[in-house]
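This report refers to the structure that appears directly beneath it.
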Amino acid sequence: MDKLSTKTLRILAVIALAFNIAILASQLHRGEFAGTELSDAKAFANDVISNLQELAATLNVSEKNSVKQSLAKLHYDVFLVNSHTELADILQNDAAKTRDLIISEYTNMTAEKALAVLNAAPEVQYSSSSVTLTLEPLPTGGYEIKAPHNLEEDTLNQLLAIENLFSKEAQRGFYEPYRHLSTLKVLIENGVAQLIPQSLEQETIKYLEGEIENLRQEYARINQMAGYAEMSGPGIEIYVYDQIYTVSAGDLRRIISELYSAGARGIAIHGQRLSVNSYIIDSEEGIVVDGVTIRSNPVIIQVVGDTTTLKAGVDLLFSVSFRGVLGFDIENRENMVLPAKAFQ
């Protein structure tokens, strides 16, 4: 196989992969990467972004500011994620939006070509009436004018020769999902053809969809901070030992309070995730956390947050308030995973 054919096949594969972001994201949601490190899943996500970059280059829109900014934001968001779920959401939502942006920018370029053809046509230049035309992309490439119209055959043939999104073989299988993005509405008035922008209704729908997505993301963030969704990220693991006295519920509440003051994003005790309505009490059987008796000596506390700040807060607490009373050890964790609070 020659180099040109190899390159062509690679481009077609890239386009197909970029069009199937939702499938890739669903694989993440189904847990197909549960056995991999987050760093490996991030590498996979960055491969998808690289594929989008190549799609943009293939469609000659990689230098568009909107495309560059969207791709750069994707890279940054992937760098910041702390869990496979967050990564899947980025792929399913932000990466998919970037893909649609790339396609829209390409459609705008082809629209300019279509307008150039129409504005050069004598039947348009000398038109005295106001006419709205619909230019629909064909699954084999080119644009077809929906009747009624008064365009000459030469103009129609020129429109058929314009490349559109589906001029490349690999993209024809995606004709129906993306036909609406490539369909052009053109107004011919006073001898000039101009593109009709999306209707106010469509813009309103887009705005509302964006607001719903923002609310969904905010809900997910609050749910995570409240303890009802899994959380992961850098953190520490603290081992609290009996020394002069036995570790009590009051001691634990004081330690937990200090950790939150030091910026803890989430806390679990022996894997038992604390939530906004958690309680820690003493009982005859021992310390009870949200109705579950935990073992002590040591009590193990897992915390997600800035390790430097958290360690400083714990060191201060044990060197002043618990000095000689309780013992402790701290270990850093590059990726601490806290489970969601179990509903009881």
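FYI, it's all coordinate maths here, none of it is from the lab. In this text, all values refer to a predicted model and were calculated from it rather than measured experimentally. All Cβ positions, glycine included, derive from the backbone under ideal geometry; neighbour counts span all protein chains shown.
Results, tabulated for the structure shown:
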read-out	value
Local electrostatic count at L38 - Lys and Arg +1, Asp and Glu -1, tallied over other residues with Cβ under 10 Å	-3
Selected from G324, G235, G313 as most flexible by GNM, with the chain as the system and alpha-carbon contacts under 10 Å	G324
Cβ crowding within 10 Å averaged over residues, with 148-161, 112-125 ranked highest first	112-125, 148-161
Burial ordering of H84, H180, fewest other beta-carbon atoms within 10 Å first	H180, H84
Neighbourhood net charge (15 Å Cβ-Cβ; Lys/Arg +1, Asp/Glu -1) for I281	-3
Point-to-point label distance, S321-Y245, nm (Cα→Cβ direction, 7 Å offset)	1.1
Highest average packing first - 315-322, 126-133, 103-110, Cβ atoms within 10 Å	103-110, 315-322, 126-133
Length added when fully stretched, S257-V192, from 0.36 nm per residue minus Cα-Cα	16.4 nm
Added length on full extension, which subtracts the Cα-Cα distance from 0.36 nm per residue, R172 to Q69	34.3 nm
Selected from R99, R323, R273 as most flexible by GNM, with the chain as the system and alpha-carbon contacts under 10 Å	R323
Region 133-185-region 288-344 distance, computed between alpha-carbon centres (Å)	63
Pairwise Lys count, the chain - Cα closer than 24 Å, eight or more residues apart or different chains	29
Estimated dipole of the chain in Debye, rounded to 20 [Cβ of Lys and Arg +1, of Asp and Glu -1, Cα centre]	280
FRET efficiency for A161 and A340, using Cβ-Cβ distance with R0 set to 51 Å, rounded to 0.05	0.35
Rough spin-label spacing in nm, given labels placed 7 Å along Cα→Cβ, for F79 and T308	1.8
Helical contribution to [θ] at 222 nm, DSSP H n ≥ 4, -39,500 (n - 2.57), averaged over the chain, rounded to 500	-15500 deg cm²/dmol
Candidates N51, N190, N82, ranked by Gaussian network fluctuation over the chain, Cα under 10 Å, top entry	N190
Gyration tensor verdict on region 231-338 (Cα atoms; rounded if a/c is under 1.5, prolate if a/b is larger than b/c, oblate otherwise)	oblate
Of [x] 32, 60, 9, 0; [y] 24, 38, 23, 13, 2; [z] 29, 55, 16, 0, the label for P(r) over Cα pairs in 20 Å bins from 0, in percent derived from the coordinates	[y]
Charge sum, other residues only, whose C-beta stays under 15 Å from T132's C-beta, Lys/Arg counted +1 and Asp/Glu -1	0
Highest average packing first - 298-311, 219-232, Cβ atoms within 10 Å	298-311, 219-232
Segment N60-K97, extension gain: residue separation times 0.36 nm, minus the distance between their alpha carbons	11.5 nm
